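Heads up: the structure comes next, in structure tokens.
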Amino acid sequence: MYKGFNFTHDYKALPRTFWSPYEPEESEAPKVVLFNNHLARLLELDEHALEDDAEFFSGNRLPESAEPIAQAYMGHQFGTLNMLGDGRNVLLGEHNTDSEKYDVVLKGSGATKYSRQGDGRAPIDSMLREYIISEYMANIGIATTRALAVVDTGEQLTRQITTPSGILTRIAASHIRVGTFEYAARQSKEDLIELADFAIERHYPYLSALEEDKKYLLFYDHVVRKQAELIAQWQAVGFIHGVMNTDNISISGETLDYGPCAFMDVYNPDTFFSSIDTGGRYRYKNQPPIGQWDLGKLGEALCPLFKSSEEEAVQAAQTVLDKYPQYYNRKYISLTGDKLGILDLDYEAQYDVQLVDDLLRFMFKYEADYTRTFRDLYLTNYDKLPMFNDSDFINWFEQYQARKKAQSAKKEEIDIAMNAANPSFIPRNHLVQKSLDLAVEGHYGELKQLLKAVSKPFNDKLGGKYTDAPGEDDADPNFKTYCGT
Ligand code: AMP
Ligand code: MG
């Protein structure tokens, strides 16, 4: 049965070293628990034919047009290079709409050639978590893979506890990772060229006609810029990815792999949540430099394609990588300017730098909620700011108002920018956790309510528990997230 997916098998045309054929394992009694109607429409799929099709979303019964494979890749995990590959993902093919091409992947559908000790399965709460957070990212305009459906397989998994298993259907511009290039570079130069040309054709097709010495370097430059800008967007909304290993960094510039990610409530640049990130390598303030580190690994992998001598190639790669801070800062400053309503914010000017730094310092000192502080500045709810009675802050505030007035932008323009940069709602850790705990017990009401809120991140009328900062009972300074492997 066809179900409206218009599959081609582009990745399968790459040399065999990049993939392995693989059939999803049977699931005992699959049931669709979440289906993304809105995304289905974007994908030009027949939403009503698909929405209850647990046999498809579990991989139990795939259309003939699906040719499932697992992808090979390596990855620097917490700084150490390992052979990885899709241990629990299966790529069914690329779905083609009139204008776009998307990977369709089942995540959690069973063991593959690359599973190592793992069972290829996923705890359902971790798949539901990916659904919630990736939907939120999409709704605030941050590039991300998306979730089309989650099924409960009807089976239990043994982890620290026994838990129901789930399968997520993930839609992505592609699943080519920095780690895919690290893998290719360790195969052969021909393989590396094949992968690079494939990625260029897929994501940066306008580069494909260029001479080789320009093409690959510009490809690298584009990936560096996309990733720098993506991470600037994460910083602006307080998103902490949690596991920025090179195998989780997408060449397309989409946010990929939602294991232990979470949003920061109280502003503290040292925040991290992941239970396995014991040293805090991937803490909030480390995300921008770690992004550059990861892209350095991409540069190393691509070097053989750059110039004839190794020395020249390394030099060329370094020149591109050195542009990362510039790309990052440009985006970050622009977003910070939008957040504050100072559209000409200028980091060359000491005054502006000081203004932003001082605000962050007040937020840190008063343990202010990151999201609320900016939203309340936008809504002019100044009296709600926890630092509002501090005379130093009043001083800052007067300077801020004066600086805001000194720009030439019109009020409407400023309001639009401030609104768009300062969501009213983030999926708060305590709300996400509570909804997942209930869902694991089979109660999806709370989760569905949360998803409604996720679909309206700028709606102040949601009110109450959704838009407020967590109260004392909900704020958990020891909140931890898990990879969900
Ligand atoms: P992640 O931490 O999610 O980026 O995963 C790192 C690697 O572990 C990837 O190669 C995954 O495919 C693999 N992996 C994660 N969970 C499982 C599992 N349950 N079974 C097999 N492989 C897994
Ligand atoms: Mg991963």
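Since every read-out is calculated from the coordinates, none of them should be taken as a lab result. Owing to the predicted nature of the structure, the values given are computational and were not obtained by experimental measurement. FYI the Cβ positions are ideal-geometry reconstructions off the backbone, even for glycines, and counts take in every protein chain you see.
May I ask for the Kirkwood hydrodynamic radius of the chain, worked out over all distinct Cα pairs and given in angstroms to one decimal? Walk me through the numbers before you get to the answer.
Values: mean 1/r = 0.0424 Å⁻¹.
By the Kirkwood definition, the hydrodynamic radius is 23.6 Å.
Around MET244, with a cut-off of 11 angstrom between Cβ atoms, what is the net charge of the other residues, counting Lys and Arg +1 and Asp and Glu -1?
The answer is -2.
Looking at the stretch 294-351, which GluC sites (Glu not before Pro) are in a loop (DSSP not H, G, I, E or B) and have at most 13 other Cβ atoms within 10 Å?
Taking the stretch 294-351 and a limit of 13 other Cβ atoms within 10 Å, the loop GluC sites (Glu not before Pro) found are GLU348.
Out of residues 5 or more away from LEU62 or on other chains, whose amide H comes under 5 Å of its own, with H placed 1.01 Å from N in the peptide plane?
Placed amide hydrogens put nothing under 5 Å from LEU62.
Which links in LYS404/LYS452; LYS365/LYS448; LYS384/LYS404; LYS384/LYS452; LYS189/LYS226; LYS226/LYS448 stretch past 28 Å when you go from one Cα to the other?
Distance filter (> 28 Å) returns LYS404/LYS452; LYS365/LYS448; LYS226/LYS448.
Using helices alone, what [θ] at 222 nm do you get for the chain, with -39,500 (n - 2.57) per DSSP H run of 4 or more residues, divided over all residues and rounded to the nearest 500?
-13000 deg cm²/dmol
Could you sort 51-58, 453-460 so that the peptide with the highest average Cβ count within 10 Å comes first and the rest follow in order?
Output ranking for 51-58, 453-460: 51-58, 453-460.
Show me the trypsin sites (Lys or Arg not before Pro) within the stretch 1-81 that DSSP assigns to loop and that have at most 15 other Cβ atoms within 10 Å of their Cβ.
Listed in order of number, the matching sites are LYS3, ARG61.
Please list, in order along the stretch 70-87, the HN-Hα scalar couplings obtained from phi with the Karplus expression 6.51 cos²θ - 1.76 cosθ + 1.60 (θ = phi - 60°), rounded to whole Hz, x for Gly and Pro.
After applying 6.51 cos²θ - 1.76 cosθ + 1.60, I find 10, 9, 8, 7, 10, x, 7, 9, 6, x, 10, 7, 9, 7, 10, x, 5, x Hz.
Got a sec to turn the phi values of the stretch 325-331 into Karplus ³J(HN,Hα) couplings, 6.51 cos²θ - 1.76 cosθ + 1.60 with θ = phi - 60°, whole Hz, x for Gly and Pro?
x, 5, 4, 4, 4, 4, 6
If amide H atoms are built 1.01 Å from N in the plane of the peptide, which residues on other chains or at least 5 residues away come under 5 Å of the amide H of ASN89?
Residues meeting the amide H criterion: GLY108.
Work out from phi, with θ = phi - 60° and the Karplus expression 6.51 cos²θ - 1.76 cosθ + 1.60, the ³J(HN,Hα) of each residue of the stretch 264-280, listed in order in whole Hz, and give x for Gly and Pro.
Karplus-based 3J(HN,Hα) across the stretch 264-280 equals 6, 8, 5, 5, 7, x, 8, 5, 8, 10, 5, 5, 8, 8, 4, x, x Hz.
Taking 0.36 nm per intervening residue step and subtracting the Cα-Cα distance, what contour gain separates GLU413 from ARG41 on full extension?
130.8 nm
If contacts are Cα pairs under 8 angstrom and at least 6 residues apart, what is the relative contact order of the chain in percent?
14
Provide SER174, SER408, SER109 in ascending order of the number of other Cβ atoms located within 10 Å of each residue's Cβ, fewest first. Don't skip to the end; give the middle numbers.
Details: SER174 24, SER408 7, SER109 31.
So the residues, fewest neighbours to most, are SER408, SER174, SER109.
Viscosity 1.306 mPa s, temperature 10 °C: give me the Stokes-Einstein translational D for the stretch 233-376 in µm²/s, with Rh taken as the Kirkwood radius over C-alpha pairs.
93
Taking Cα centroids, how far is the stretch 367-441 from the stretch 303-349 in Å?
With the stretch 367-441 and the stretch 303-349 each reduced to a Cα centre, they are spaced 28 Å.
Quick one: if the Förster radius is 30 Å, what FRET efficiency do ALA475 and LEU438 give, using the C-beta to C-beta distance and rounding to 0.05?
0.90
Test of understanding: what is the full-extension gain from LEU81 to GLN350, defined as 0.36 nm times their sequence separation minus their Cα-Cα distance?
Extending this stretch completely gives an extra 92.7 nm.
What is the stretch 94-158's relative contact order, in percent, from Cα pairs under 8 angstrom and six or more apart in sequence?
Once normalised by length, the contact order is 20 percent.
Under Stokes-Einstein, with the Kirkwood radius over Cα pairs standing in for Rh, what whole-number D in µm²/s applies to the stretch 7-172 at 10 °C and 1.306 mPa s?
Numbers: Rh = 16.3 Å.
It diffuses with D of about 97 µm²/s by this estimate.
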